[in-house]
Amino acid sequence: MGRHLTSYTGYFTKNLPAIFLSFFLLVFFTDGKAQTFGGNPPSLQWKQFNTPAARVIFPAGMDSTGLRVTVLINRINNVVKPTIGSKQKQVNIVLQNQTTESNGYVGLAPFRSEFYLTPQQNSFELGSIQWPEMLAVHEFRHVQQYNNFNVGLSHILKVLFGEGGQAFGNALSVPNWFFEGDAVYNETLVSAQGRGRLPYFYNGFRGLWAAGKNYSWMKLRNGSYIDYVPNHYPLGYMMVAYGREQYGDAFWRDVTHDAAAYKSLFYPFQNSVKKHTGVNFPAFRTDALNYFRQQFNDAPPQKSAKHFVADEEFPVFVNDSTIIYLKSPYDNIASFVIRTGSNERKITTRAISQDRYFDYSNGKIVYAAYRRDLRWGYRNYHELRVVDVNNGRERTITNKTKYFSPSFSTNGSRIVAVQVNPDGKSALHILDAQSGKLISVLPNISHLFYTYPKFNGNNIISAARNAKGEMGIIKVNAITGSQETLLSFGYQPIGYTSVKQDTIYFTGTSGNNDELFAFSITYKKLFKLRSNVKTIGSYQPTTSANKVAWVGFTASGYQITQADKRDMQWDAVSANELPGGLPGYRVSSLNKNVASGLIERVEDTVYNYPVTKYKKGYNLFNFHSLIPEISDPDYRISIAGQNILNTFESNIYFNYNRNEGYKQAGFDFIYGALFPYLSSGADYIYERRRIYRGSDIYWNEFNIHGGIQLPFNFTRGKKITGLNVGTDIYYAQTNYQDGFEAFNRHFTYLNSYLSFSTRIQQARQHINPRWGQSFLFIYKNGLSLPAHQYLASGTFYLPGLWPNHSLVINAAHQEHGLNNEVSFSNNFPFSKGYSVENLYRMDKLGANYHFPIAYPDAGVANTIYLLRIRGNAFYEYTRASDFYNTGNKFKANFRSVGGAVFFDTKVFNETSISFGLRYSRLLDPDLFGGTGRDRFEIVLPVSIF
């Protein structure tokens, strides 16, 4: 169940071993999950339930949710321990209620968890169990995993390097598919549902199997830029469930304990599986996948395209021959298209959204688009946007709302949408379709969670979840708010409702497949719809006068299927409930454990946990990891800290510079709970040296600084936009030795900066955004001595000749004072290949053309996997000027041309890393170092966005 805007492109070009070692240390020693620094406004007050297993921290007013999470965690912790281990360390869990995102994570460095409490509309993907409950049982399993993987070599790494050390050890010994597969098994075990019982969860593999696509293990682990590959969640569940089924509940506990302890130093997990099964790992994984594959032999064979084509989703009929849908290929941004026969026309690109749902009526499309809060990262919105199909013009009709699944009334004058409040409760809002003005809020006396509401005259038809996580279909009077249950509630997911006259069309889980159903409102009868065209899942049904269309999954993407209404078979269902039940997929171990169905048996009222205030300043420093960094000539070790609410970051470090031989010790702090970030830091440099008149001279430096930073996020609509403004004041003092005391000085200066970037979304295969700009301005100004320096740079992203090509133009200007008494650090992006000096004035113009070369989808020994090879051709021109000691002016050109080949890879089937080889041909002399005109470098690119 997890992009940050920066300012310009830079390259690390040090020696290869140091680069790669530093990269791995930084990747694994820091939490890879998405965290938001300073993301909540200071007005938000926090409370807690503090128990030995978990401290659950939640916003004031959400006591019942906090209690339910606390109760479940403590009950589950005691019951399921034997299947993973008995070690326990308290975790801090923060419940985030300001966001519209549906997610959760547990991370080491620091050891903490966050639950994003807004449920998603699609019940087929994650289930319909109460969302905080599902997060509790899934994410706390990760807590148990980390607690019990603190063994052997992983434990030694934790002793040496803190929580980041354990993260490094665990990531290299236990694969991510186990982490998630085991957590999915746990949610399936303790609830009446869970993803292990949902057909939607298996659609990806069913599509591959039906199309005869037998991808290699490394491709299944690492994905592809050209083919659809399911993520590691279903892969992990099938592996874990098969292991539990064949070898018992304690099997994975023993395997992961030995792996995390590195009982076998090389391939610890694979060797541990062999030790505890007697079967080598390739044979085990083949048997596991075949165990589930045999249960889907009824899937219709597919004549699939060679590679992924596009997802076609949420079709709606304009008439019998014309249909509108959302199209999402890998080489273009998702867009609304209209198709008549074989003629397809793009209407407009879809704005940034968290789901793909939309509705259509009378020439208009309505959908919910994502918007970030200007300052607070945990606060975001879903605003309604309306598109004119005829001309593609689009407008936003609500502001800072949290709406989901909007739908037009029959005449298009009103919209009904699901409003999800910060307390987790939902309501149906009816709005004016033209202005977005709220007309009414319908009462929700049954405390249901609504999904995919539709108008039916003066009534609203909606799939809904109750407090138990059961689903049914209800009718709500749009005037009085009175409710009537049409389809009885049960644990089988229901969704994608569509209404035509008196008939409700929808998708419901029925046995091994998600099927089409119809419900007659007049006669209160349920029908199962069948067609001669068999699909993997039948989702998002829509009807016209004479046709029915729906979406089924294929290895080439979700595809639309159409059929004549007269060819559809309507099979009456005797009971007013979905037939078929939830499948178990022959995983009988789910029913044999004492924890089976535990959620339904846990009552909050029998627990009396006291609620107390959580102090925002608690454990402010929270040092968690010792992080080594190697970027020759600098060798650095840092003690990193971060508090649980993620409002304060601290860093204490020691650095050794091999070139100059100096030692540096310092600290940096940043506080992000207020509107501006507040930062401070200091460092002391000992025995720094430089050459003066042929001899080494030494001095010590002391620096202290403090500043403010204003981060703004304007992301909205179709653009991702950020602005960062700040200033720091520095005080520096130098102390020379051995007769050079005359050089001693102390001075203060301001370092002010502004960075701005905006771009459109990127499709999966895009190397860079097709449209985007970024600007950086840095001004350093001496306060106690005459000195200044400013830098202005810009980068412009433009489309290339083909969709996946990119042209990047960059320009920069830097200039410092003519008689500066202080030499400021140099941020100028000099032409590639040249040795760099900070000259009086420098101007730069460059062009880079990026393009894909090949998509190998091949790997070696489960160690490195090559997803894409891409090229970069460039020309860069720098014009610089300065002054000789005589006062004469110096001018020179620094032009370079060349190319690079980059390799986009995954290492150890876990971590993405890109590296490249670059050749630069210098068209002018390198006046400040190096010989020859040909330069070869190993590069690690740092993305601008």
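The values are calculated or read from the model by the stated rules, or taken from the named source; none is laboratory data. In this text the structure is predicted, and so the values were computed from the model without any measurement. Cβ placement follows ideal geometry from the backbone for every residue including glycine, while neighbour counts extend to all protein chains displayed.
Restricting the search to strands (runs of 3 or more DSSP E) fully inside segment 738-817 and requiring at least 1 residues that are among the hydrophobic types (A, V, I, L, M, F, W, C) and modelled with pLDDT under 95 gives 745-760. On inspection, ILE639 fails the criterion of being out of contact with any strand residue (DSSP E or B) (no Cβ under 6 Å at 6 or more places or on another chain) and not assigned by TED's automatic domain parsing to the domain that holds ALA109. Residues that are over 36 Å from the mean Cα position of the chain (by Cα) and in a strand (DSSP E or B) were ranked within segment 488-501; the one that is nearest to GLY457 (Cα to Cα) is LYS500.
Residues in segment 815-849 that are of a type in the set (Asp, Glu) and farther than 19 Å from ARG935 by Cβ: GLU815, GLU821, ASP843. Of the residues making up segment 581-600, one or more are closer than 30 Å to GLN45 by Cβ and modelled with pLDDT under 95.
Taking the options ALA682, ALA673, name whichever one is aliphatic (A, V, I, L, M), within 24 Å of HIS624 (Cα to Cα) and surrounded by 16 or more Cβ atoms within 10 Å (Cβ to Cβ). Unique residue meeting the criteria: ALA673. Restricting segment 620-665 to residues that are at pLDDT 95 or above and at positive phi, the residue that is surrounded by the most Cβ atoms within 10 Å (Cβ to Cβ) is ASN646. Looking at GLU577, is it over 28 Å from ILE84 (Cβ atoms) and acidic (Asp, Glu)? Considered against the rule, which asks whether it is over 28 Å from ILE84 (Cβ atoms) and acidic (Asp, Glu), GLU577 comes out as yes. Of the strands (runs of 3 or more DSSP E) lying entirely inside segment 432-479, those containing at least 2 residues that are closer than 20 Å to LYS525 by Cβ, assigned by TED's automatic domain parsing to the domain that holds ASN421 and of a type in the set (Val, Ile, Thr) span 471-477.
Just name the residue that is nearest to THR65 (Cα to Cα) out of those in segment 561-608 that are small (Gly, Ala, Ser) and in a loop (DSSP other than H, G, I, E, B). Across segment 561-608, the extreme among qualifying residues is GLY597.
Among the residues of segment 229-254, those identified as surrounded by fewer than 23 Cβ atoms within 10 Å (Cβ to Cβ) and under 24 Å from the mean Cα position of the chain (by Cα) are VAL229, PRO230, ASN231, HIS232, TYR233, GLY236. Taken together, the residues in segment 603-619 that are buried (at least 16 other Cβ atoms within 10 Å of the Cβ) and either farther than 30 Å from ASP63 by Cα or among the β-branched types (Val, Ile, Thr) (or both) amount to 1. Sub-7 Å Cβ pairs linking a first residue in segment 139-161 that is on the phi > 0 side of the Ramachandran plot and in the same structural domain as TYR116 (by TED's automatic domain parsing) to a second residue that is among the hydroxyl-bearing types (Ser, Thr, Tyr) and not in a helix (DSSP H, G or I), at least 6 apart or interchain, are GLY152/TYR262, ordered by first then second residue. Please tell me if ARG933 is within 30 Å of GLY722 (Cβ to Cβ) and basic (Lys, Arg). So ARG933 fails the test.
Here the strands (runs of 3 or more DSSP E) wholly within segment 320-363 that include at least 2 residues being more than 30 Å from LYS565 (Cβ to Cβ) and at pLDDT 95 or above are 343-349.
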